[in-house]
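Below is one structure, written out as C-alpha coordinates, with a few remarks after it.
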Amino acid sequence: YQYLSRYKQKENLDQFTFLPERIKGTERECLACLMEFCGRRDPSWTEISNFTHFLNFQLSKCEESVFCHPVVGREFHGF
(Lines give C-alpha, C1' and ligand atoms only; values in the text may rest on other atoms or scores of the structure.)
Protein backbone atom coordinates (compact mmCIF):
# COMPACT_ATOMS: atom_id res chain seq x y z
CA TYR A 1 0.00 0.00 0.00
CA GLN A 2 2.81 2.40 0.85
CA TYR A 3 4.24 2.15 -2.68
CA LEU A 4 0.86 2.17 -4.42
CA SER A 5 -0.42 5.25 -2.60
CA ARG A 6 2.76 7.17 -3.46
CA TYR A 7 2.61 5.94 -7.06
CA LYS A 8 -0.99 7.12 -7.31
CA GLN A 9 0.08 10.58 -6.12
CA LYS A 10 2.88 10.57 -8.75
CA GLU A 11 5.63 10.71 -6.12
CA ASN A 12 9.19 9.70 -6.99
CA LEU A 13 9.55 6.09 -5.82
CA ASP A 14 13.28 5.92 -6.56
CA GLN A 15 14.07 7.41 -3.16
CA PHE A 16 11.40 5.56 -1.18
CA THR A 17 12.09 2.48 0.94
CA PHE A 18 9.40 0.92 3.07
CA LEU A 19 9.98 1.20 6.82
CA PRO A 20 7.38 -0.54 9.02
CA GLU A 21 7.59 2.13 11.71
CA ARG A 22 6.66 4.89 9.22
CA ILE A 23 3.29 3.66 7.95
CA LYS A 24 0.78 6.22 6.73
CA GLY A 25 -2.89 5.87 5.91
CA THR A 26 -5.84 4.04 7.39
CA GLU A 27 -7.08 0.49 6.85
CA ARG A 28 -9.96 1.86 4.78
CA GLU A 29 -7.59 3.84 2.52
CA CYS A 30 -5.34 0.80 2.18
CA LEU A 31 -8.17 -1.49 1.13
CA ALA A 32 -9.53 1.06 -1.36
CA CYS A 33 -6.08 1.49 -2.91
CA LEU A 34 -5.46 -2.27 -3.12
CA MET A 35 -8.86 -2.79 -4.75
CA GLU A 36 -8.11 -0.05 -7.27
CA PHE A 37 -4.77 -1.55 -8.33
CA CYS A 38 -5.79 -5.21 -8.07
CA GLY A 39 -6.99 -5.23 -11.66
CA ARG A 40 -10.39 -6.74 -10.91
CA ARG A 41 -13.71 -4.92 -10.74
CA ASP A 42 -14.95 -6.68 -7.61
CA PRO A 43 -12.02 -8.71 -6.23
CA SER A 44 -12.48 -11.47 -3.69
CA TRP A 45 -10.43 -11.57 -0.51
CA THR A 46 -8.34 -14.33 -2.08
CA GLU A 47 -7.57 -12.18 -5.13
CA ILE A 48 -6.59 -9.23 -2.93
CA SER A 49 -4.45 -11.53 -0.78
CA ASN A 50 -2.70 -13.02 -3.82
CA PHE A 51 -2.15 -9.55 -5.27
CA THR A 52 -0.60 -8.22 -2.05
CA HIS A 53 1.62 -11.29 -1.57
CA PHE A 54 2.88 -11.03 -5.14
CA LEU A 55 3.42 -7.27 -4.89
CA ASN A 56 5.24 -7.58 -1.54
CA PHE A 57 7.50 -10.28 -2.96
CA GLN A 58 8.36 -8.21 -6.04
CA LEU A 59 8.97 -5.02 -4.05
CA SER A 60 11.19 -6.77 -1.48
CA LYS A 61 13.31 -8.21 -4.30
CA CYS A 62 13.49 -4.76 -5.87
CA GLU A 63 14.60 -3.16 -2.60
CA GLU A 64 17.32 -5.82 -2.21
CA SER A 65 18.56 -5.37 -5.78
CA VAL A 66 21.94 -3.76 -6.33
CA PHE A 67 20.36 -1.66 -9.09
CA CYS A 68 18.09 0.02 -6.54
CA HIS A 69 20.93 0.90 -4.16
CA PRO A 70 21.12 4.72 -3.74
CA VAL A 71 24.66 4.96 -5.19
CA VAL A 72 23.98 2.72 -8.20
CA GLY A 73 20.45 4.09 -8.54
CA ARG A 74 21.77 7.50 -9.58
CA GLU A 75 23.11 5.87 -12.74
CA PHE A 76 19.89 3.92 -13.38
CA HIS A 77 17.28 6.59 -12.61
CA GLY A 78 13.77 5.13 -12.79
CA PHE A 79 15.01 1.57 -13.13
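A few comments on the model shown:
- For the set Thr52, Thr46, the ranking by accessible area, highest first and with no ligand, DNA or RNA atoms included, is Thr46, Thr52 under a 1.4 Å probe.
- Largest to smallest accessible area among Ile48, Ile23 [probe 1.4 Å]: Ile23, Ile48
- Ranked order, Tyr1, Tyr7 - accessible area, probe 1.4 Å, largest first: Tyr7, Tyr1
- Residues in the stretch 32-59 reached by a label modelled at Asp14 [backbone nitrogen below 20 Å; 7 Å Cα→Cβ]: 59
- Asp42 - accessible surface, heavy atoms, 1.4 Å probe, Å² rounded to 10: 130
- For the stretch 1-75, the square roots of the Cα gyration tensor eigenvalues, ordered a ≥ b ≥ c, give a/c of at least 1.5 with a/b greater than b/c, which places it in the prolate category.
- Sparse-neighbour loop sites [GluC sites (Glu not before Pro); the stretch 1-65; at most 16 other C-beta within 10 Å; DSSP]: Glu11
The values are calculated or read from the model by the stated rules, or taken from the named source; none is laboratory data. Bear in mind the structure is a predicted one, so any value in this text is a computation, not a measurement. Don't worry about glycine lacking a Cβ; one is built from the backbone with ideal geometry, like all the others, and counts go over all protein chains shown. For the accessible areas, the whole protein counts, side chains as well, though only heavy atoms, and no ligand, DNA or RNA atoms are used. Shrake-Rupley method; radii C 1.70, N 1.55, O 1.52, S 1.80 Å.
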